[in-house]
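We did not get these values from a lab; they are worked out from the coordinates using the rules stated. Model, not experiment: these values are computed from the prediction. Here the Cβ positions follow ideal geometry from the backbone for every residue, glycine too, while neighbour counts run over all protein chains shown.
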Amino acid sequence: MQRRRSSKTPKQPQHVQHKNQTDLSAWRKGGKIDSEKSLQYNQSANDQKYDNQEESLEQALSYFGKVQDCVAPKKNVVQKHLDAVESTALKQGLPPEGFEILLNVALSGRLADTVNTQLLKSLIPASVIPENSVVTAVSWLCVSKCSGNIQLLFLKWLITVFDFIDHKEQLHALYGFFFSFLQDEKLCPYVCHLLYLLTRKENVKPFRIRILLDLQAKMGMQSHLQALLSLYKLFCPEQVTITLPGKMKTYFKNSEGPWKAAITAVRQRNQGPSPLSQAVFLGTSQPQSRKRKWNAQLVIPASSTNTNHLEEDREKSCFYLHNTNESFPVEQLQTFPQLLQNIHRLEFPSQMGSVLTNPLLLHYMSCVKDESIYLRLYYWMGQMLQEECTWCVVDNPYEEEFKSFLETAYKAECFLQEGFSACEEFLYKTLPLWDGFCCRSEVLRLVSWIPLSSFSDIKQYLFDPLAQLFFTSSIYFKCSVLESLKELLQNWLNCNVIQMDLEISSGNTTLSGLVNVVAELVDFVGRISTVALRLENNSTFLLYFILDFYGTVCDMYLKYNLPLLIMPPAGVFYPALLSMDSVNLNQLCYIMYRYRTNLVAAKENELSKKKILQFKFSNQTYQKYNQYIIAMVGCLWTSSAFQKDIHPQGLCMDDKLLSKTAVKELKNSFNIVYHPAMMGYSVRFLQQICPDDTTFNFKLIKGKKWDWYLEYLYTQGLKGLKVFIESSISRVSQAARSKAGNVEA
Amino acid sequence: AVRGRCADVRLSALSLCPQFVGSDEELQRRLAETILQEKKDFNINIHLATSLPLPSERDHLRPRIDLVVFMIDIKSKYSLKNVETSLAYVDASYFLGKVCFLVTGVGRKNDCSIETNAVCKLGEAYCSPVLFCELELEGVRVATAQRLVRMLGICAGHIPGVSALSFVSLMRKSNDD
């Protein structure tokens, strides 16, 4: 390709035809330097090349404009112009004016098929494609002058560049024409795809449904037909009565045209590095958002949108508004009051992607609750995630863009407070092959919005691959996973609370189903946490994230109204109890306090038989709580941990064995004075109460000083310890408050 | 004699890679280099081979092998076949947690010629974990190297309380229960 281009450019004929010149020079970068002027100045070789290229494109277009009338076009002349078009297209993309001419040639069938194919393959837009040119092309299609292969290629092209077409009103008017092409067996899948993109509610007519059903009967269950039918069904459920499979993995095969990569490359070249595009990409109130759909913005150079177009756009849309008086153009939607005033006549943009970045439309979306909107969004998003799955593509310069796309999807999920099933599918496909490195934070954030679904799915596609990565990856990865699983749990619980408030008995998630799945998640985290603490040598940092997760778990009953409480496994509890760090110990105390509050409330409810009787906490939960509380009070307060601990994996040890360790004051060693996590406080406290004593006689902390010490600890921010001691340890009496305490539970 | 003195412990990883056209041997070498650059508290010897069995003449000089990594290039059916034939020469005791499969080239999913399913089945059949990565990307290579070093540490018994066997049972998919 390179070679061909360079060999051709020097041999430019001097004679320049000026027919199309004005249009073309405006299209080029900035549109200000016209070619004659620039030739006067001495320019760099590069610019020269561009100019030459432009000239040869002009010639080519002018040639192809006339070739219709030519009796017998010379082969080598055609080839020369063809090459000019192709090289410009691949380099800069074609200007809007070029499309009509070239489509006319390609579809009129005057030239050989190879030429037509090459022409169609070169149709890479630099900015937009005028609707008129497409309409003309479709009219050629209808007189079927061109071969079947060219028809097919044209449809593939149309699907790929659909978002680049500047208006679509007339295209919509051609719906019936496209529909008639369904009868062609070869074209059918692509026509279906195109119709899927074009279909609006008013297009769904009984006779079309009949035709589709007849086709389905003739050709069998084809995924493309099903896709179209399911869209019809969403628009008019009363008319499409057949049952369709609920969830389809992919409706349409990628049209695999040669254009996509070229378009991306052209855009990259015209636009330079991507940060610039992000502004446009995430811009919320782009006035052209309706016509220029979102994924087109991913692809279209920001600078190439010239203002005239915008004006036209505006005028046109106003025109439509007055003319049809049906829908309020979304590009005019700027404020919330506008949304409220026009909410009855809003129409979603034809490409749903633009919704993601527009908070007003997201508001609208969450309020209309229209299935078809979600279907369209998921369809679009699924395609994006599947095709642009760039985390796993080597040499991909668009990783940043893909990341920000994932980020946008995540933000939209947060906004709507619900997960997208398209993202879920993406994760399920991605996670088993994921290396845990590419787009790490984005992928893990999406994990937190996986919708609550059947456990077998979650286990197979989420837990299993995640566990493998978790065990082999760094401590930071482990913490990130725990963090996003905590968010996942919270999102599930929040959704549940909302559902309960609305008292919607949704078909697929019953309360017991929810309880089971949540329980599995908590158990899973318990298991991997136990292993992780072992692998990471009881890292304080890791423990912090684990306890953070249990901070949500311990309050599920009271805060989220879920009849479920699960204690942390011993592999988490004991490392936390014996941790070297006061933050974790304090958090453990707080968690145990919350468990206690929840369990007590549950017991009371159970006794008064008020509600949720079908879900009783198992005795095991109470038993486990009691075992833990005995161990904890024994450790921190009564200095009897080694004797009283009754948990099978606990600290209970034989006296003889203990004496062999030859540690003095063994019994005290984990109470709030001697505990490694508390030692810092007790030393500081001793320094304060007897500044002269340098022997650090910890035995001084008893009686009244014990109380002082507690007060001191509370002022140091150990609030968790405070609520724990105040709730779980009943002090015998103010007088005999030495080290006695007993447990109530 | 080796245990207990951490500085003297020599761990060995044997990395296996089928030989075929392209940069794959190069990738194998680059991964090995990345592993050696990792910060760790033990020495690592890496033995690269294209297939098994290893030549027998230097058997007595070869250090104990702690982990066998079979590299499978997802783009080449031959690499899978090569690994499958080589597996026959691995002592059964290695499958108690000292073997793993490293699938490379995931970054070019479009030119995959091996189904990931086939590799996963291989992993299940040999009770060994399967890791996926793209060694051509610097970042992923480093991340993969770190993962392998972690596994190596476990396989060599460096993490108290976690044996190679217990670890590999954690890595297995728990479909059966």
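What's the local net charge at A:Trp449, with K and R +1, D and E -1, over the other residues with C-beta under 11 Å away? If you can, show how the numbers build up before the last one.
Values: positive: A:Lys411, A:Arg445; negative: A:Glu413, A:Glu418, A:Glu424, A:Glu487.
Overall, the nearby charge balance is -2.
Peptide A:535-548: average number of partner chain Cβ atoms within 10 Å per residue?
1
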Summed over the other residues with a beta carbon less than 12 angstrom from that of A:Ser122, with K and R at +1 and D and E at -1, the charge totals 0
Note on region A:517-673: the mean projected area of its alpha-carbon convex hull, in nm², is 9.9
Mean Cβ-within-10 Å packing, highest first, puts peptides A:481-490, B:162-171 in the order A:481-490, B:162-171
Extension length gain for A:Phe415 and A:Lys704 (0.36 nm per residue less Cα distance), in nm, is 98.6 nm
FRET efficiency (A:Ser147, A:Gln183; Cβ distance; R0 25 Å; to 0.05) is 0.90
Which residues qualify? For A:Ile165, with a placed amide H closer than 5 Å and at least 5 residues away or on another chain, they are A:Ile129
Extension length gain for A:Ser640 and A:Arg345 (0.36 nm per residue less Cα distance), in nm, is 98.9 nm
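Where does the charge balance sit around A:Arg594 when Lys and Arg score +1, Asp and Glu -1, over other residues with C-beta under 10 Å from its C-beta? Numbers along the way, then the final one.
Numbers: positive: A:Lys559, A:Arg596; negative: A:Asp555.
Net local charge, A:Arg594 excluded: +1.
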Full extension between A:Ile211 and A:Val583 adds, at 0.36 nm per residue less the Cα distance, a length in nm of 127.0 nm
Output field shielding_mean for B:156-162 (other chain Cβ, 10 Å radius) holds 2
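Counting only other chains, what is the mean number of Cβ atoms within 10 angstrom of the Cβ of each residue in peptide A:471-479? Working shown, then result.
Working: counts 9, 14, 4, 4, 0, 0, 3, 0, 0.
Shielding by partners across A:471-479 averages 4.
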Going through B:Lys40/B:Lys98; A:Lys411/A:Lys459; A:Lys667/A:Lys705; A:Lys667/A:Lys704; A:Lys603/A:Lys624 one by one, the pairs whose alpha carbons sit over 23 Å apart turn out to be A:Lys411/A:Lys459
Expressed to two decimals, region A:590-715 has a Cα Rg over Rh, using the Kirkwood radius, of 1.11
Pseudo-spin-label distance B:Ala92 to A:Asp548, built 7 Å along Cα→Cβ, given in nm, is 4.7
